[in-house]
1. Going through region 31-77 one residue at a time, which ones are touching a residue at least 40 places away in the same chain (Cβ under 8 Å), in a loop (DSSP other than H, G, I, E, B) and open to solvent by less than 30 Å² (accessible area, probe 1.4 Å)?
2. What are the residue pairs meeting all of these: first residue in region 117-130, first residue under 13 Å from residue 73 (Cβ atoms) and open to solvent by 70 Å² or more (accessible area, probe 1.4 Å), second residue part of a strand (DSSP E or B) and of a type outside the set (A, V, I, L, M, F, W, C), Cβ atoms under 7 Å, and 6 or more apart or on different chains?
3. Suppose the filter is of a type in the set (Gly, Ala, Ser) and touching a Gly at 6+ places or on another chain (Cβ under 8 Å); does residue 53 pass it?
4. Going by the conditions given, is residue 138 open to solvent by less than 30 Å² (accessible area, probe 1.4 Å) and at negative phi?
5. Given 35, 61, 81, which one is aliphatic (A, V, I, L, M) and within 15 Å of residue 133 (Cα to Cα)?
Amino acid sequence: INGGGQDIYSDRDEFRFVWKQAEGNPVFSAKISSLANTHQYAKAGLMWRTKLAPNSPLVLLHVFPNGNVVLRHRASEGSELQENIIPNNQWPIYLKLEKSGDHFQAAYSLDGNNWTGVGDVKVASLTDEGMAGLAVLSHDRDMLVSAEFQEVKLGEKEEKP
């Protein structure tokens, strides 16, 4: 996916979003094989948002070009994003978001099997219906960045016996 845009940070998002309507409590995951280094704050990751408005409540689990993993969320329309950064410098990176009501658990993995928690956020303004998608931005309005996603999955949680 190629994406431009300034940022997903303040109260006005600019990015490429490839999404699918989703509902309920899905598990959303993907392997990110690469992200070009157009800027240290270029991003590629998984997002759940309530609507396409540029200041919509959201949860975003993404990576920077250096491999650091970041969990961000906007609790209400137009508010600033809160974030948690996990240092990492290895590729590829698997990301996973699990929704349970207004709660999201985020994790990353280097092999797709052993997961490390990134955080757990509650966003009361997120509903059971929203948009689940892949987000990419270059952090430069005049340049596109390329991110390679593989093994993209969006489905219901598997019940454990």
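1. 42, 56, 57
2. 120/103; 120/105; 122/103
3. On the way: of a type in the set (Gly, Ala, Ser): yes; touching a Gly at 6+ places or on another chain (Cβ under 8 Å): no.
So residue 53 does not fit the description; no.
4. Details: open to solvent by less than 30 Å² (accessible area, probe 1.4 Å): yes; at negative phi: yes.
When the stated conditions are applied, residue 138 passes them.
5. On the way: 35 fails: within 15 Å of residue 133 (Cα to Cα); 81 fails: within 15 Å of residue 133 (Cα to Cα).
Residue meeting the stated conditions: 61.
The values are calculated or read from the model by the stated rules, or taken from the named source; none is laboratory data. As the structure is a computational prediction, the values presented were derived from the model and not from experiment. A quick note on method: Cβ atoms are made from the backbone with ideal geometry, for glycine too, and the neighbour counts reach across all protein chains shown. What goes into the accessible areas is simple: the full protein's heavy atoms, side chains included, and nothing from ligands, DNA or RNA. Shrake-Rupley method; radii C 1.70, N 1.55, O 1.52, S 1.80 Å.
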